[in-house]
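The values are calculated or read from the model by the stated rules, or taken from the named source; none is laboratory data. Source: prediction; values computed, not measured. With ideal geometry, Cβ positions are generated from the backbone for all residues, glycine too; neighbour counts draw on all protein chains shown.
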Amino acid sequence: MDIIMKENLYCYNSKKRNLTICEELPYDILLYILSYLTPIELCCLSRVCYSFRVLAEDDWIWRGFYPMIRFNFCYHFQLNEFPKLLNTQQCKQVYIQELQTIKSVSQFIGTWHEQWCDVQVLNSTKVSFNGLNFIVEYTKNKFEAEFISFNGQSLKFKLTGGDSGWSFIYTLTLNNNQNNNQHKLNNNNNNNNSSNGMKIQQDDQNLQQDSLQLHVLRIHDNIEFTGMFTSSKSESNSPPPHFRNKNNYKLFLMKQEIQQLQQISSTTITSSSNEIFNTNNNNNDNNNNNNNNSHDNNNNNNNNNNNNNNNNNNNNNNNNSNSSCDSRRHTRIYAY
């Protein structure tokens, strides 16, 4: 019972003082424990923290290893030959090579729309790079993508699975214009290494491509197809480099939307006002035409009335003349 109480008291004191077991143990006991480790394990332990490094580099631990590793140091530690230091010119060449690889890799990175034959899939393929290898993710139709190779100008990966069970090999290549731009950029890098740093960055931004040529091989029947990968604009949500943060970029997008809405409203207002003006003009023209027609009709009616009156007068005169003639005839008849 006393032993249990002492252990609990020891644990309580350790937690209260925020000390670990290794910090509570005496230095000699820690060295004795570390003496059971191999040289490789001691090297790994020395990289954990400063206190472990002091323990792992103690001479008492390494005395048992000196005879064994005196003549074959690299073999026991599994170390390669140390790289030689580079001069300034070699450092520039290494930097240029790394820059060229980054540029060639960056043209394939992103989320892509797929279009070939009768296949049109949005956001089908996502390509990323971890510094050593490409990571290809195919997000549609239950396919699994497997990276095959990359030679600086073309990226090749394989699709397996899916509902049909067929397998495909996709080969993505740069367009001709992008190849020419890349060649020019490489020449500029070889000619001007240090003075054109800002220009190189600007060229990088200008060389962000929007499409890739696609070659598809269907494996089970060896039928080939050609198509295109077009870049998705989902990355356009990220602010351009001349914006300091995302909030400013969001405000800029909101202002653009407001301006577009204002332009749309102004165009609708002007079009509606023009329509109203045109309808009013048409109505006025119709009224004027109606008035003119009515006036012409009135004039015609008056003329017709005048003609009728003249005809009536002529008829009356004729009747009078006829009546006089008849009376004469009668008188003449009666006179004889």
GLN120 being modelled with pLDDT of 80 or more and exposed (fewer than 14 other Cβ atoms within 10 Å of the Cβ): yes
Considering residues of segment 9-41 that are charged (D, E, K, R) and either in contact with a helix residue (DSSP H, G or I) (Cβ under 8 Å, 6 or more places away or on another chain) or surrounded by 11 or more Cβ atoms within 10 Å (Cβ to Cβ) (or both) only, the residue modelled with the highest pLDDT: GLU41
Test: residue in segment 82-89 that is within 44 Å of the chain's Cα centre (by Cα), part of a helix (DSSP H, G or I), at pLDDT below 85 and not assigned by the TED database to the domain that holds LEU172: yes
Single condition GLN208 does not satisfy, out of (1) surrounded by 12 or more Cβ atoms within 10 Å (Cβ to Cβ); (2) modelled with pLDDT of 50 or more; (3) within 20 Å of THR230 (Cβ to Cβ): (2)
Residues satisfying the stated conditions in segment 50-66, i.e. modelled with pLDDT under 85, surrounded by 11 or more Cβ atoms within 10 Å (Cβ to Cβ) and part of a loop (DSSP other than H, G, I, E, B): PHE65
